[in-house]
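All remarks here apply to the structure that follows.
The values are calculated or read from the model by the stated rules, or taken from the named source; none is laboratory data. None of these values were measured; they are calculated from a predicted model. Please note: Cβ atoms are built from the backbone with ideal geometry, for glycine as well, and neighbour counts cover all protein chains shown. These area figures cover heavy atoms from the full protein model, side chains too; ligands, DNA and RNA do not enter into them. Shrake-Rupley method; radii C 1.70, N 1.55, O 1.52, S 1.80 Å.
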Amino acid sequence: MLEVLFWIVYICTPFLMILLLGIARERVLRVSMISVSVTALYLFSVVGLLPLFYQWDIARANSGVVDQGIILSVLLYSVLNINFFLFGVIAEKKSSNNKLSEKPNFISAAPPTKKQIFILLTFLILSFIVFLDYISNFNELAIFTAISSGAEDAGVVRSEMSNDFSGKYHWYRFFIHSVSQFATYILLANWMGKRSRLNLILFAISFCYTAFVAIVAVEKAPIIWFLIGLFITHIFLKNNGVVRFGKLIPLLIVLSVGLVLMYQYFMGAESISDALGRIISRAFAGSITPAYFYLEYFPHVSDYLYGATIPNPGGILPYVPVRYTVDVMNWVFPSLAIRGVVGSMPTVFWGETYANFGPFGIPVVAFFMGFLISKVNSYILRMKLNGVVIGFYVWIILEVKNISESGFSSFVYNIQIILMVIILFVLMRFGGKNRILAH
């Protein structure tokens, strides 16, 4: 009976998701903040549960993911989460009755002005200066360690450059990764709108810099999502955001080949099949596996947190936010905690909801998140579309899709988004006579 129920829910989920997307006047293959977020939620919180249910993923099974009843619960919560997220989207669209966002005209978007390009290049130079300061903290960069000494030594340096970095890494991350990617999307839009040698050179320089900083710590996700962002920018300007399935094949081939090479040279995969196995496991099960342990940990080991995970900016409120992802990690792998290794187990955003409020909080928070993201999406598409707005839209699409692998509070209070909105305002306010809103 357990197996039958799993298969019924697993098979029906994509059809129900597509139905609700249609009611929300969205399509899976028409890029928007909503369609990308829902697709990411499905891929990273539902698809990977099948190999977990049958223990095909040996590494995950060895870590303790073996109870089919708990895995079924994870599936039910993930489906509940997606459905109520879409109910929130539908409610926002019905309440605002906004028709402008249905088919925005990206193709006719004006290129950035010369002032905007100048300001953008200033931010890009600032990004480079911050990058130089960042790498000055290390004797060797992970990418060069991987080339000279191999994957094992590179892994140590990678940890030093990210998780174990002693400074405030989130500030470096914003200026090094976010600003450079945002700039490259805009410069691509600029070159596509005004094809000249200078615009091509500016884009090429920005692309090479952004690609290098994305891979310098031999992390895989930054470079992959950067390339996807370029693809989305191209799709907006060439096909008004509609993805033709045939165009996905070359992109998937490039990403797959790139990931296989990175797993072989940076992660020590022994063969192509080993690399592919790791890629599939990490992509589809990596984000949802921690949810299994959340259901074991809350409320059986620790009571529900009742909002204690929500950030407390500047410590203005009388509490210290609970590092629930670290607590779960220490409980699952106590040997790491004993050795002083600080790890974390983030998961799809319903995981934080469950940790705080239990199962009954999942539909409430999912509805709120769907409503909020749809509202933000509608507001952006009401702006006067140009290369700058398109670059920002691509960037925030990829930032918001992280709800498929991190808690809801990381979006509700997101310093990356706040800072990028400030940069957008500077570009739109001082970069020319463009109106911010279309009407």
Worksheet item: From the residues L29, I107, G307, which one has its Cα farthest along the dipole of the chain in the positive direction, the dipole being from +1 and -1 charges on Cβ of Lys/Arg and Asp/Glu about the Cα centre?
Response: I107
Practice prompt. Determine the order of K94, K194, K401 by accessible area, beginning with the largest, at a probe radius of 1.4 Å.
Written response: K94, K194, K401
Discussion item. Once you place label points 7 Å from the Cα toward the Cβ at S73 and I422, how far apart are they in nm?
Written reply: 4.3 nm
Worksheet item: Helix-derived [θ] at 222 nm for the chain: sum -39500 (n - 2.57) over DSSP H runs of at least 4, divide by residue count, nearest 500?
Response: -21000 deg cm²/dmol
Fill in: Cα-based reach from K375 at 17 Å (exclusive), listing aspartates and glutamates while leaving out same-chain residues under 8 positions away
E26, E92, E102, E399
Worksheet entry | Lys/Arg +1, Asp/Glu -1 at C-beta; the chain dipole; positive extreme among I11, I280, F203 | F203
Practice prompt. Compute the length gained on full extension between F245 and S95: take 0.36 nm times their separation in residues and subtract their Cα-Cα distance, giving the result in nm to one decimal.
Written response: 50.7 nm
Worksheet entry | Potential extension, I107-V322 segment - 0.36 nm per residue separation minus Cα distance | 72.8 nm
Discussion item. Let's test the formula: R0 of 35 Å, r as the Cβ-Cβ distance of Y413 and L43. What FRET efficiency results, to the nearest 0.05?
Written reply: 0.85
Worksheet item: Between F368 and F144, what FRET efficiency comes out of the Förster formula 1/(1 + (r/R0)^6) with R0 = 45 Å and r the beta carbon distance, rounded to 0.05?
Response: 0.50
Worksheet item: How many nm is it between the label spots at V156 and A308, if each spot is 7 Å from the Cα in line with the beta carbon?
Response: 3.7 nm
Worksheet, complete the sentence: Of F118, F138, ordered by accessible area with the largest first and a 1.4 Å probe, the sequence is F118, F138
Worksheet item: Can you list residues whose amide H is under 5 Å from M383's amide H, if they're 5+ apart or on another chain and H is modeled 1.01 Å from N?
Response: A438
Discussion item. What is the sum of charges, Lys and Arg at +1 and Asp and Glu at -1, for the other residues whose Cβ falls under 13 Å from the Cβ of V260?
Written reply: +1
Worksheet entry | Inter-label distance for S335 and A204, nm, one decimal - labels placed 7 Å from Cα along Cα-to-Cβ | 5.1 nm
Worksheet item: From largest to smallest, what semi-axes in whole angstrom does the stretch 234-352 give when each is the square root of 5 times an eigenvalue of its alpha carbon gyration tensor?
Response: 36, 23, 14
Discussion item. Test of understanding: what is the full-extension gain from M1 to S63, defined as 0.36 nm times their sequence separation minus their Cα-Cα distance?
Written reply: 19.8 nm
Item to complete: Under 15 Å from the Cβ of S287, count the other residues' Cβ atoms, weight Lys and Arg +1, Asp and Glu -1, and hand me the total.
Response: +2
Worksheet item: In the structure shown, do any of K168/K401; K168/K220; K247/K384; K94/K194 have a Cα-Cα gap over 30 Å, and if so which?
Response: K94/K194
Item to complete: Only one of the values [x] 36, 24, 19; [y] 44, 23, 19; [z] 34, 28, 22 was calculated from this structure for semi-axes √(5λ) of the Cα gyration tensor in Å; name its label.
Response: [z]
Worksheet entry | Rounded to the nearest 20 debye, dipole of the chain from Cβ charges on Lys, Arg, Asp, Glu | 2580 debye
